[in-house]
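Below: the structure, in structure tokens.
The values are calculated or read from the model by the stated rules, or taken from the named source; none is laboratory data. In this text the structure is predicted, and so the values were computed from the model without any measurement. Quick reminder, even Gly has a Cβ in these numbers, built from the backbone with ideal geometry, and neighbours come from all protein chains shown. For the accessible areas, the whole protein counts, side chains as well, though only heavy atoms, and no ligand, DNA or RNA atoms are used. Shrake-Rupley method; radii C 1.70, N 1.55, O 1.52, S 1.80 Å.
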Amino acid sequence: MPRPHKQLHAWREPPTARPAATILLLRDADTGPEVLMTRRSLKASFAPGVFVFPGGTLDASDSAPDTLLAAAARHGQDVEQQAFSVAALREAFEELGILLAYDSSGAIITQEAVDRFERSPNASLASQLTAAGYRLAIDQVWHLRRWITDRDLPRRFDTHFFVARMPQGQHPLADETEQFEPVWISPREALERHSRRDFAMIFPTVRTLRGLAEHRNVDTILATLANGPPWSPSCPRAGLLDGAEARYAEGDPPFGELELVAPDGGATHALDWQHEKPVPLLRHVWRLTAPNPGMMTGPGTNTYIVGDRDAGFAVIDPGPDDPAHVARIATLVGDRLRYIVCTHDHPDHWPGSARLQATSGGVIHGMPGAGQHFDRNFFPEQRLDDGHSLRIGDSTLRAVHTPGHASGHICLFLEEDHLLFSGDHIINGSTVVIDPPDGNMSDYLASLHRLLELPTRFILPAHGWVIGEPAQAIRALIAHRLGREAKVIRALAETGPCEITQLVERAYDDVPVSLHRIAQRSLLAHLEKLAEDSRVALRDNRWRLLEK
């Protein structure tokens, strides 16, 4: 993480999460799979009145030897998984009267057999199973994912989510103490009703149902879980959007920014895009987004200001020559501007430099492009070559040459806080266009591999929110580009020699036709890389595969 004294908020230790388990009981219906849900008591201390799956905290008895002996486990279920599976089935029995267990013949027990069991939490389920000669069917329970309650909430649970097929012939009956109104509902209907605000659910429930909504039946759901490892744990984070709390999981575009600004999970950071005032990310880092939103710029081009009044400031990517935007930067830096750094020569990044310098001083740094097709109006006063550093008080910005999107593109690595200002090389929520001849796909991929070598903790892109899990994000970009390259090869194999205007329709058939003209530029970059690799050739204005 960045240095503690640079954080905006003092650390607050989140409450300890209690281990818990919940289970999604599934059945097939004419419209697809349905899941059994129930409404929590309005007096519940956690999530009162919302619809949930049956579940609760892990009891010591769930992992007791006599309990596990009364359970039929499958190969590969370790003791911990067995205990959580037991907890999930025990809670389903106590709350809804559903008991997934085998009788002595190996058949799932009937409703009549279930009715003979005492549902009180004080009655040992394991003892009752043993006395009846039954075994809990945890081998029919599959781990779906693991949710850890948000760090900002006062009561937290570390909950394993399981799925199982509803035992035939059994019927749910709520305990009318903790749970009420059991209902069978399809994931899609539950989500639609939730969006209409007549089916209250908490964030993990909503996200879990989204993952199930596209499945055709119970078999396809279980098949996805039979061989794969359990999903990584997820702990959502909260921010403010339109003045209200909004929650996000790992992989959501705002998640990394919330992790940077409020690592303890406090719901304090506003995520709304606005252009009038700088957004503090750390005590020495601000973001001011230029008012140039669009298809290529997203919410706008991010200008970053690094430093403080005592040490002075560095401005990274002053943006377009927009007088109001430059004036806002100048208001923050005053007469303490030391460095103006442009990551590359594209028109939404550097033209504000001269106006900012005239207002606040500072020396313009950057790397001119190579070849014949870079912007020749871009003349930084000080060339910032690969490995060169700028010092601002107790912070060091080191230049990393990352050609690909532009031949003279540089990223800035803030060494003490492990932050990477990535310019357009990496942006949040999309991939960048690689536009030959100044853009080069081989260089772009090589630069991504090089960035993997840095000990980066967060990426601060020129477009979009802060990105967390940098290595994962970078590997995803590499995989995306290589996947597109493979798709280009497959398309050429299907079409035979063809012009690029024809090829883009197949190689980018997952992209709206309205964007094919832009996609064609990146397609050309892919083809030029494949030509370098001796995989394709251009003859008579047609691209064709070469034999290996």
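What fraction, in whole percent, of alpha-carbon pairs in region 402-548 exceed 18 Å separation?
Numbers: 6127 of 10731 pairs.
Distances greater than 18 Å cover 57 percent of the Cα pairs.
Report, in debye and to the nearest 20, how large the dipole of region 442-499 comes out about its Cα centre when Lys and Arg carry +1 and Asp and Glu carry -1 on their Cβ.
Result for region 442-499 is approximately 160 debye, rounded to the nearest 20.
Just to be sure I follow: if Rg is taken over the C-alpha atoms of region 283-362 and Rh is the Kirkwood radius over the same atoms, what is Rg/Rh?
Rg/Rh: 0.95.
Select from region 370-450 those chymotrypsin sites (Phe, Trp or Tyr not before Pro) which occupy a DSSP coil region and have at most 11 other Cβ atoms within 10 Å, ordered by residue number. Display every interim value, and only then the final one.
Values: sites: Phe374, Phe378, Phe413, Phe421, Tyr444; in loops: Phe374, Phe378.
Nothing satisfies the criteria.
Find, among the GluC sites (Glu not before Pro) in region 73-127, those assigned to loop by DSSP (not H, G, I, E, B) with at most 16 other beta-carbon atoms within 10 angstrom.
Answer by residue number: Glu118.
Find the eigenvalues of the gyration tensor of the Cα atoms of region 187-328, then list the square roots of 5 times those eigenvalues as equivalent ellipsoid semi-axes, largest first, in whole angstrom.
Listed largest to smallest, the semi-axes of region 187-328 are 39, 17, 15 Å.
Share of region 70-198's accessible area from carbon and sulfur, percent, 1.4 Å?
Working: 2890 of 6070 Å².
Carbon and sulfur: 48 percent of the exposed surface of region 70-198.
Only four residue types carry charge here, +1 at the Cβ of Lys and Arg and -1 at the Cβ of Asp and Glu. Report the dipole size of the chain about the Cα centre in Debye, rounded to the nearest 20.
The dipole magnitude comes to about 500 debye.
Regarding the chain, what's the average projected area of the Cα-atom convex hull, expressed in nm²?
That works out to 30.0 nm², a quarter of the Cα hull's surface.
Output wanted: per-residue J couplings in Hz (rounded whole) for region 522-532, from phi through Karplus 6.51 cos²θ - 1.76 cosθ + 1.60, θ = phi - 60°, x for Gly and Pro.
Calculated HN-Hα couplings, in order: 5, 4, 4, 4, 5, 5, 5, 5, 5, 5, 4 Hz.
Using the Karplus curve 6.51 cos²θ - 1.76 cosθ + 1.60 with θ = phi - 60°, what ³J(HN,Hα) values do you get for each residue of region 488-505, in whole Hz, with x for Gly and Pro?
My calculation for region 488-505 gives 4, 5, 4, 5, 5, 5, 7, 8, x, x, 7, 6, 5, 5, 7, 5, 4, 5 Hz in order.
Residues with amide H under 5 Å of Asp321's amide H, sequence separation 5 or more or different chain, H placed in the peptide plane at 1.01 Å from N; which?
Those lying under 5 Å, H to H, from Asp321 are Gly352.
Answer with one residue from Pro368, Leu492, Phe46: the one whose Cα lies farthest towards the positive end of the charge dipole of the chain, charges on Cβ with Lys, Arg +1 and Asp, Glu -1.
The residue sitting most towards the positive pole is Pro368.
Non-local amide H neighbours of Ala200 (under 5 Å, H modeled in plane, Pro and chain starts lacking H): which ones?
Placed amide hydrogens put Phe51 under 5 Å from Ala200.
Tell me the carbon and sulfur percent of the accessible area for region 369-495, rounded to whole percent, probe radius 1.4 Å.
Summing carbon and sulfur atoms, their accessible area is 49 percent of the total for region 369-495.
Work out from phi, with θ = phi - 60° and the Karplus expression 6.51 cos²θ - 1.76 cosθ + 1.60, the ³J(HN,Hα) of each residue of region 53-66, listed in order in whole Hz, and give x for Gly and Pro.
Once rounded to whole Hz, the list reads 8, x, x, x, 6, 6, 8, 4, 5, 5, 10, 5, x, 5.
Within a Cβ distance under 11 Å of Gly32, other residues only, what is the Lys/Arg minus Asp/Glu net charge?
Working: positive: Arg27, Arg188, Arg216; negative: Asp28, Asp30, Glu34, Glu189, Glu214.
Counting the neighbours of Gly32, the net charge comes to -2.
With all distinct Cα pairs included, what does the Kirkwood hydrodynamic radius of region 381-429 come out to in Å, to one decimal, could you say?
Hydrodynamic radius (Kirkwood, Cα pairs) of region 381-429 is 11.4 Å.
Just in region 127-231: which chymotrypsin sites (Phe, Trp or Tyr not before Pro) are loop by DSSP and have at most 16 other Cβ atoms within 10 Å?
Trp231
Based on the inverse mean of 1/r over its pairs of different Cα atoms, what is the Kirkwood hydrodynamic radius of region 227-273, in Å?
Values: mean 1/r = 0.0884 Å⁻¹.
Hydrodynamic radius (Kirkwood, Cα pairs) of region 227-273 is 11.3 Å.
With every protein chain present, what is the per residue accessible area of the chain (1.4 Å probe, Å²)?
Per residue, the chain has 44 Å² of solvent-accessible surface.
Let me have the 222 nm mean residue ellipticity of the chain computed from DSSP H runs of 4+ only, each contributing -39500 (n - 2.57), with the sum over all residues rounded to the nearest 500. It would help to have the intermediate numbers written out before the result.
Working: 14 runs with 153 residues, N = 548.
The per-residue figure over the chain is -8500 deg cm²/dmol.
Output the peptides 26-33, 423-430, 327-334 sorted from most to least packed, where packing is the average of other Cβ atoms within 10 Å over each peptide's residues.
Details: 26-33: 14.8, 423-430: 22.2, 327-334: 17.8.
Going from most to least packed, we get 423-430, 327-334, 26-33.
Going by the alpha-carbon gyration tensor, a ≥ b ≥ c the square roots of its eigenvalues, is region 196-245 rounded (a/c under 1.5) or, if a/c is not under 1.5, prolate (a/b greater than b/c) versus oblate?
oblate
Based only on Cα atoms, what mean projected area does the convex hull of region 137-195 have, in nm²?
Details: hull surface 25.4 nm².
Projected over every direction and averaged, the Cα hull of region 137-195 covers 6.4 nm².
Would you grab the residues whose amide H sits under 5 Å from the one on Phe157? Only those 5+ places off in sequence or on another chain, please, with H modelled 1.01 Å from N.
Long-range HN contacts for Phe157: Arg18, Thr149.
For region 201-353, what % of the accessible area comes from carbon and sulfur atoms, probe 1.4 Å?
Percent of accessible area from carbon and sulfur atoms in region 201-353: 54.
For region 1-93, max minus min Cα coordinate along each principal axis, in Å, sorted largest first?
Projected onto its principal axes, the Cα set of region 1-93 covers 53, 37, 29 Å.
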